[in-house]
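Peer 1: Before we start, here is the structure in question, set down as structure tokens.
The values are calculated or read from the model by the stated rules, or taken from the named source; none is laboratory data. Here the structure is a predicted model, which is why all the values come from computation and not from measurement. Backbone-built Cβ (ideal geometry, glycine too); neighbour counts: all protein chains shown. Heads up: the accessible areas ignore ligands, DNA and RNA and are worked out on the full protein's heavy atoms, side chains in. Shrake-Rupley method; radii C 1.70, N 1.55, O 1.52, S 1.80 Å.
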Amino acid sequence: MHIYSTISAMVRLLFILFKFDMQMQRLIKILLLILPVFLFSGCYEWGEFNEYIQGTEHVEDLIAEDDFDWQTATNITFSLKNAPLGIIRITSVNGKTTFHKGNNTGLQENYSIRITLPDYIGKVNINDHIVSVEGDFISYDFHSLKNISIVDYSLLFDGADDYVVMDDEEIIDDYPFTLAAWVKTDGFSNPDEDMVIVNIADPSKDDRYYGIFIGSDEGGVACIRARKGATQTDAGTTDLTDGEWHFVVGVFEDKNDRRLYVDGQLEATGNQNSNFASSAEKTVVGRWGDETPKSYFNGNIDEVSVWSTDLTASQINNIMNNGINGSEDDLEGYWKFDDGSGSTVIDETENEYDGTIFGAGWVSDEGGGGNPDNDGDGVDNENDDYPSDATRAFNNYYPAGGFGSLAFEDLWPGTGDYDFNDLVIDYQFRTVTNSTNYVVEILAQFVVRAIGATFENGFGFQFPNNNVASGDLIVTGYQYSGNIIQLNANGTEAQQNLNTVIVFDNAFNILPHSFGESGVNTDPEGVFTEPDTVLIYMSFAANTYTENDINISSFNPFIFINQNRLAEVHLPDHAPTGKADMTLLGSFHDNSDPTTGRYYKTDDNLPWAINIYESFDYPIEKVEITQAHLKFGQWAISSGSDYSDWYQDNAGYRQDGYIYD
């Protein structure tokens, strides 16, 4: 809606309501909240806009279904019958992303846990059983289906002289090709040398090889290298020496195009010229395969694959999340490293490029019996995230794979420019449980990344239920600069019917703007301010509440607008807190109806806030989300059934110039 027609409509509303004195107080509230927005905010549709992209939707033209919840992930309850005693893991199919880890003590008939999965996940791995994800309640009997073994072992390399050489036959003879592997390391055995993951090399020369490695001089990040004479190296950004599993992929499209992905994210590109050496016919894991072996890997390597194509970002993410079986098109070699014994690694493809192990040893990814239990809590050191602390055993994360994002429009109850950058916050909760699965504490990180206009918005979240008694919870870490927040003795907000945590009362005190700029980190020509983090610590009464009781993944996040604690903006169909002014609901463009549980949607069911399961690459100022993320509209009008991964960096999904970088 154009600003002048909007103000005109407000004036007409004023004349109508003057006829009804009883409604004047409500009118004044609305006008005091809304009118300054249109006159002073930098987020509404003023001035010139970026040209719209042919074939994409305007957000205001989208009509979503009434029951569409705008969520990118789903809370799913797993009820496991006849589950094995001891450690229960629910992971991605390949076992690399852990959605849940706990201890089945056998005291309950079924092991039950509620977890949150991104909507694009179709299967999970539960203790090496592959289970389809359909609906929000999954009952699984461990005795009813065949146990499918997934990623039982990996190879451990000592960093001194361990490596694996594949069959002498040439696997790759030219561009394009892709190299991929899972790796885990806690650092370099020789700080002066790199750690090679996998490469293709000429064993008779010292300057002809192509591979992926962890760079010593580059600070422990992944690197991609092509060398035929001159060395062409491009480095990533993620430190891989953290002792965690990472998925590293090198795409060699042609002599002038190389791409490096880490954990599904593009981290480096290279365009320096490097022809392919036809003599590079040796595939080696764990060191360079040329005539001067060096740069031995120190740590675990698993699931190595070689492809005779340049994999796309979408294909790489699918492999990372769902695994492969060896029969995929253009897959030339796939070594699962789950043989568990012997000196041979088996190629799972029909090409049978088996490899020979030199020194590297088999290790179980699962750990297992006989391991010490230093703290005596019944969970062995291998599976205990706190092996020296008997009061803590497991870390579980939401979101499981890293940070999620909350993105808000702050002109409610009016609509704005739908760039969803008025306040952008990354978040992740770490729930710490003990060996009997009771919650000890929850540590929440909230990273303020962008503020798209002038409003001094506050942010908080409410627990989804009243299961946790106020006296059993202590909250610390919040940051306040004013006096608009009143607290209970335990650090939650006062006068609320559900436990409510106000994280900060003014985003600009967390992420200050530069002189002369109204917002922060939304204008590509403006000054970049490093995002800052607020850490919230929540401790709970001992041995009282489970993860299911607290259900933190169903939290109810919200902002309050421009220091007005009464004006809240929530995710669609999430109720306001007891502090909100309920008379604002249903006003202006808001079509809330508390009697039916409908909140924070327009007549066409459009939201003012979205929750993205992964860290969100948000649009630049005054660019609608549909223009930056080209599949957002199709996702919305399909009620989430199409393009559930719309926020990822897949081919054809984005207009990069419209995304803040």
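Peer 1: Within region 107-127, how many residues are farther than 30 Å from ALA636 by Cβ, outside any strand (DSSP E or B) and not aliphatic (A, V, I, L, M)? Please lay out each step first, then the result.
Peer 2: Narrowing region 107-127 to residues farther than 30 Å from ALA636 by Cβ: 107-113, 125-127.
Then keep just the ones that are outside any strand (DSSP E or B); that gives 107-109, 127.
Filter once more, so that each one left must be not aliphatic (A, V, I, L, M): 108-109, 127.
Of the residues in that region, 3 qualify.
Yes or no, residue by residue, for (1) assigned to a loop (DSSP other than H, G, I, E, B); (2) open to solvent by less than 10 Å² (accessible area, probe 1.4 Å); (3) under 13 Å from VAL306 (Cβ atoms); (4) free of Cβ contacts under 8 Å to residues at least 60 places away in the same chain:
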position	(1), (2), (3), (4)
ILE197	no, yes, yes, no
ILE200	no, yes, yes, no
SER204	yes, no, no, no
ASP217	yes, no, no, yes
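Peer 1: Suppose we filter region 499-517 for residues that are closer than 28 Å to PRO576 by Cα, assigned to a loop (DSSP other than H, G, I, E, B) and open to solvent by 40 Å² or more (accessible area, probe 1.4 Å); how many remain?
Peer 2: Start the filter on region 499-517 by keeping residues that are closer than 28 Å to PRO576 by Cα, which leaves 499-512.
Next, only the ones that are assigned to a loop (DSSP other than H, G, I, E, B) stay: 499, 505-506, 511-512.
Keeping just the survivors that are open to solvent by 40 Å² or more (accessible area, probe 1.4 Å) gives 512.
Number of matching residues: 1.
Peer 1: Is it true that GLU348 is closer than 30 Å to PRO191 by Cβ and surrounded by 15 or more Cβ atoms within 10 Å (Cβ to Cβ)?
Peer 2: Numbers: closer than 30 Å to PRO191 by Cβ: no; surrounded by 15 or more Cβ atoms within 10 Å (Cβ to Cβ): yes.
When the stated conditions are applied, GLU348 does not pass them.
Peer 1: Right, next: Given the conditions (1) in contact (Cβ under 8 Å) with a residue 60 or more places away in the chain; (2) in contact with a helix residue (DSSP H, G or I) (Cβ under 6 Å, 6 or more places away or on another chain); (3) open to solvent by 20 Å² or more (accessible area, probe 1.4 Å), report the number of the one that TYR643 does not fulfil.
Peer 2: (1)
Peer 1: Given the conditions (1) part of a loop (DSSP other than H, G, I, E, B); (2) in contact (Cβ under 8 Å) with a residue 60 or more places away in the chain; (3) open to solvent by 20 Å² or more (accessible area, probe 1.4 Å), which single one is not true for HIS574?
Peer 2: (2)
Peer 1: How many residues are modelled with pLDDT of 90 or more, in a loop (DSSP other than H, G, I, E, B) and open to solvent by less than 20 Å² (accessible area, probe 1.4 Å) when one looks only at region 94-106?
Peer 2: Start the filter on region 94-106 by keeping residues that are modelled with pLDDT of 90 or more, which leaves 97-103.
Still in the list and also in a loop (DSSP other than H, G, I, E, B): 97.
Going one step further and asking which of them are open to solvent by less than 20 Å² (accessible area, probe 1.4 Å), we end up with none.
Final tally of qualifying residues: 0.
Peer 1: From the set of residues in region 435-452 that are of a type in the set (Val, Ile, Thr) and over 21 Å from the mean Cα position of the chain (by Cα), which is least open to solvent (accessible area, probe 1.4 Å)?
Peer 2: Residues of region 435-452 of a type in the set (Val, Ile, Thr): 436, 439-440, 442, 447-448, 451.
Within this subset, residues satisfying the condition of being over 21 Å from the mean Cα position of the chain (by Cα) are 436, 439-440.
On the way: THR436: 66, VAL439: 3, VAL440: 32 Å².
Looking at residues that are of a type in the set (Val, Ile, Thr) and over 21 Å from the mean Cα position of the chain (by Cα), I get VAL439.
Peer 1: For region 461-480, name all the residues that are more than 24 Å from the chain's Cα centre (by Cα), in a loop (DSSP other than H, G, I, E, B) and closer than 18 Å to ASP505 by Cα.
Peer 2: Start the filter on region 461-480 by keeping residues that are more than 24 Å from the chain's Cα centre (by Cα), which leaves 465-476, 479-480.
Still in the running and in a loop (DSSP other than H, G, I, E, B): 465-469, 480.
Residue satisfying the conditions is TYR480 alone.
Peer 1: For LYS622, state whether it is part of a loop (DSSP other than H, G, I, E, B) and within 27 Å of ALA494 (Cα to Cα). Step through it out loud before you land on a result.
Peer 2: Numbers: part of a loop (DSSP other than H, G, I, E, B): yes; within 27 Å of ALA494 (Cα to Cα): no.
No.
Peer 1: Looking at region 192-227 only, could you name the residues that are in contact with a strand residue (DSSP E or B) (Cβ under 9 Å, 6 or more places away or on another chain) and polar (S, T, N, Q)?
Peer 2: Those that are in contact with a strand residue (DSSP E or B) (Cβ under 9 Å, 6 or more places away or on another chain) and polar (S, T, N, Q): ASN199, SER216.
Peer 1: Restricting to region 397-434, give me the number of residues that are open to solvent by less than 10 Å² (accessible area, probe 1.4 Å) and of a type in the set (Phe, Trp, Tyr).
Peer 2: 5
Peer 1: How do the pairs read when you match residues in region 478-502 that are over 17 Å from ALA567 (Cα atoms) with residues anywhere that are of a type in the set (D, E, K, R) and assigned to a loop (DSSP other than H, G, I, E, B), using Cβ under 6 Å and keeping only pairs 6 or more apart or on different chains?
Peer 2: Once the first residue is over 17 Å from ALA567 (Cα atoms) and sits in region 478-502, its partners that are of a type in the set (D, E, K, R) and assigned to a loop (DSSP other than H, G, I, E, B) give TYR480/ASP505.
Peer 1: Condition first: modelled with pLDDT of 90 or more and in a strand (DSSP E or B). Can you find one or more residues in region 363-379 that meet it?
Peer 2: The answer is no, given that none of the residues of region 363-379 is modelled with pLDDT of 90 or more and in a strand (DSSP E or B).
Peer 1: For region 343-354, does any single residue satisfy the condition of being more than 26 Å from ILE316 (Cα to Cα) and out of contact with any helix residue (DSSP H, G or I) (no Cβ under 8 Å at 6 or more places or on another chain)?
Peer 2: Of the residues in region 343-354, the ones more than 26 Å from ILE316 (Cα to Cα) are 343-344.
Checking which are out of contact with any helix residue (DSSP H, G or I) (no Cβ under 8 Å at 6 or more places or on another chain) leaves us with 343-344.
Yes - at least one qualifying residue is present in region 343-354.
Peer 1: So which of PHE429, PHE394, PHE455 is under 26 Å from PHE616 (Cα atoms), under 26 Å from the mean Cα position of the chain (by Cα) and at pLDDT 95 or above? Spell out how you get there, then give the answer.
Peer 2: Working: PHE394 fails: under 26 Å from PHE616 (Cα atoms); PHE455 fails: under 26 Å from the mean Cα position of the chain (by Cα).
One residue alone meets the criteria, PHE429.
Peer 1: Anything in region 475-486 that is open to solvent by 60 Å² or more (accessible area, probe 1.4 Å) and modelled with pLDDT of 95 or more? List them, or say none. Full working, then the answer.
Peer 2: To start, the set of residues in region 475-486 that are open to solvent by 60 Å² or more (accessible area, probe 1.4 Å) comprises 476, 478-481, 483, 486.
Across region 475-486, the qualifying residues are THR476, TYR478, GLN479, TYR480, GLN486.
Peer 1: I'd like to know if region 437-445 contains one or more residues that are more than 30 Å from LYS622 (Cα to Cα), part of a loop (DSSP other than H, G, I, E, B) and in contact (Cβ under 8 Å) with a residue 12 or more places away in the chain. I'd like the intermediate steps shown before the answer.
Peer 2: Here is the first cut: in region 437-445, the ones more than 30 Å from LYS622 (Cα to Cα) are 437-444.
Pick out the ones that are also part of a loop (DSSP other than H, G, I, E, B) and you get 437.
Filter once more, so that each one left must be in contact (Cβ under 8 Å) with a residue 12 or more places away in the chain: 437.
Yes, because at least one residue in region 437-445 is more than 30 Å from LYS622 (Cα to Cα), part of a loop (DSSP other than H, G, I, E, B) and in contact (Cβ under 8 Å) with a residue 12 or more places away in the chain.
Peer 1: Sort through THR269, THR231, THR283 and tell me the only one that's farther than 23 Å from GLY95 by Cα, crowded, with 24+ Cβ neighbours inside 10 Å and of a type in the set (Val, Ile, Thr). I'd like the intermediate steps shown before the answer.
Peer 2: Values: THR269 fails: crowded, with 24+ Cβ neighbours inside 10 Å; THR231 fails: crowded, with 24+ Cβ neighbours inside 10 Å.
The conditions single out THR283.
Peer 1: When ASP186 is evaluated against the numbered criteria (1) farther than 23 Å from ARG430 by Cβ; (2) open to solvent by 60 Å² or more (accessible area, probe 1.4 Å), which criterion, by number, is the only one it fails?
Peer 2: It is condition (1) that ASP186 fails.
Peer 1: A follow-up question, please. Could you say which residue among THR544, THR529, THR533 is within 27 Å of the chain's Cα centre (by Cα) and surrounded by fewer than 16 Cβ atoms within 10 Å (Cβ to Cβ)? Steps first, please.
Peer 2: On the way: THR544 fails: within 27 Å of the chain's Cα centre (by Cα); THR529 fails: surrounded by fewer than 16 Cβ atoms within 10 Å (Cβ to Cβ).
Testing whether each residue is within 27 Å of the chain's Cα centre (by Cα) and surrounded by fewer than 16 Cβ atoms within 10 Å (Cβ to Cβ) leaves just THR533.
Peer 1: Now for a different question. What do you reckon, is THR231 of a type in the set (Val, Ile, Thr), modelled with pLDDT under 90 and part of a strand (DSSP E or B)?
Peer 2: Numbers: of a type in the set (Val, Ile, Thr): yes; modelled with pLDDT under 90: yes; part of a strand (DSSP E or B): yes.
So THR231 passes the test.
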